[in-house]
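Step one of this worksheet: look at the structure below.
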Amino acid sequence: MAQIPWVRDELMLACALVMENDWRELRQNDLRVLELSDLLRSLPLHEAAAVDLRFRSPSSVSRKTTDIATAHPDHTGSATKGGHPTRKIVADFLEHPAEMLAATQALRAGIASGELHRAPAHPDEVGEDGEPSAQEGRLLIRLALHRERDRGLRNRKIRQIRRLNQPIRCEVCTFDFGATYGPLGADYIEVHHVTPLHVSGPGETRLEDLALLCANCHRMCHRNHAGKAWRTPSSLREEMRTVT
């Protein structure tokens, strides 16, 4: 079969395994490799390829752990040809170990619950160049976007804001759809997770975890730029201040 490049989500899972193994490669008969092979084949990323038993086989997973282990700066000897994405994931795990392990754990939890497999693909889960370069990986962003489109969750958040006698308007730019468009725009707003899923975990979303945003600010909060695809309303406001 044609070689299919490893995407960031897959590399996160493999790198966490190597990190937990003291940055040593794992052999293909290792139970952890067998488990990861099955897990990777179940991800909703390469469904067409997953029917081929050679796809992310234990031997290919083992080879990738070798790529990761030899990309570590303390490795003595020559490195295998893992490519830039492999070197990047190793650098990210070394620079942000707690955050990267948390993202990996959240990814595993989303897979185990089945929720991640129910979330449809979304164009904003990848960058404008088509590459899933965001720190959180592609699938956690997909899951968050799927939740944010939940009309029931959005309506509950609006009812909460009403009970608190607060305005239904964007928390970043203060745009009010009702004030601008009249009855057509009354109560129209979108919701955004203040805390990314790789920090909060993929459990049930609390209303306190959501912010009200206009469509423009929401898109900017999720825009995949410079390896970052998650911004809080406060951080977006700070970015706006730098250009005004």
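Roughly speaking, what is the stretch gain from residue 243 to residue 91, that is 0.36 nm per residue apart minus the C-alpha to C-alpha distance, in nm to one decimal? Walk me through the intermediate numbers first.
On the way: separation 152, 0.36 × 152 = 54.72 nm, distance 3.11 nm.
Stretched fully, the residue 243-residue 91 segment lengthens by 51.6 nm.
Put one equal scatterer on each alpha carbon of the chain, apply the Debye formula with no solvent term, and list log10 I(q)/I(0) at q = 0.12 1/Å to two decimals.
Summing over Cα pairs of the chain leads to -0.74.
Once amide H atoms are placed 1.01 Å from N in the peptide plane, what residues at a sequence separation of 5 or more from residue 210, or on another chain, have their amide H within under 5 Å of its amide H?
Answer set, sorted by chain and number: 194.
Peptides 106-114, 159-167, 79-87: what's the order by average Cβ count within 10 Å, highest mean first? Can you show the working numbers first?
Values: 106-114: 17.2, 159-167: 11.0, 79-87: 15.0.
With the highest mean Cβ count within 10 Å placed first, the list reads 106-114, 79-87, 159-167.
With the Cα gyration tensor of the stretch 64-116 in hand, convert its eigenvalues to equivalent ellipsoid semi-axes via √(5λ) and list them largest first in whole Å.
Working through the eigenvalues yields semi-axes of 26, 12, 8 Å.
Residue 57: net charge of surrounding residues, Cβ under 10 Å, Lys/Arg +1, Asp/Glu -1, itself excluded?
Values: positive: 41, 54, 56, 63; negative: 52.
Neighbour charge sum, excluding residue 57 itself: +3.
Beta carbons within 10 angstrom, averaged per residue: use that to sort the peptides 182-190, 16-24, highest first. Mind showing how you got there, number by number?
Details: 182-190: 13.9, 16-24: 17.1.
Descending packing order for the listed peptides: 16-24, 182-190.
Magnitude of the Cβ-charge dipole of the chain, K/R +1 and D/E -1, about the Cα centre, nearest 20 debye?
Working: 33 positive and 33 negative charges, 111 e Å.
For this selection, approximately 540 debye.
Accessible area per residue, 1.4 Å probe, Å², for the stretch 54-110: what's the number?
49
Report, by chain and number, residues whose modeled amide H sits under 5 Å from the one on residue 229, excluding near sequence neighbours (fewer than 5 apart, same chain).
Here the answer is 135, 136, since their amide H atoms fall under 5 Å of that of residue 229.
Taking the alpha carbon gyration tensor of the stretch 1-113, what are the square roots of 5 times its eigenvalues, largest first, to the nearest whole Å?
21, 17, 13
Return the whole-Å distance between the Cα centroid of the stretch 174-239 and the Cα centroid of the stretch 87-125.
20
So which cysteines of the chain have no other cysteine's Cβ under 4.7 Å from theirs?
Flagged as lacking a Cys partner: 15, 173, 217, 221.
Straight-line reach only, C-alpha to C-alpha below 22 angstrom: list the lysines that residue 81 could link to, leaving out same-chain residues fewer than 8 apart.
Of all the lysines, those that pass the test against residue 81 - Cα under 22 Å, at least 8 places apart if same chain - are 64.
Skip the ligands, DNA and RNA, and give the accessible area per residue of the stretch 129-244 with a 1.4 Å probe, whole Å².
54
The values are calculated or read from the model by the stated rules, or taken from the named source; none is laboratory data. Note that the coordinates shown come from a computational prediction; the quantities given were computed from them, not determined experimentally. Counting neighbours? That spans all protein chains shown, and the Cβs are built from the backbone with ideal geometry, glycine included. Ligands, DNA and RNA are stripped out before the accessible areas are found, and what is left, the full protein with its side chains, is counted by its heavy atoms. Shrake-Rupley method; radii C 1.70, N 1.55, O 1.52, S 1.80 Å.
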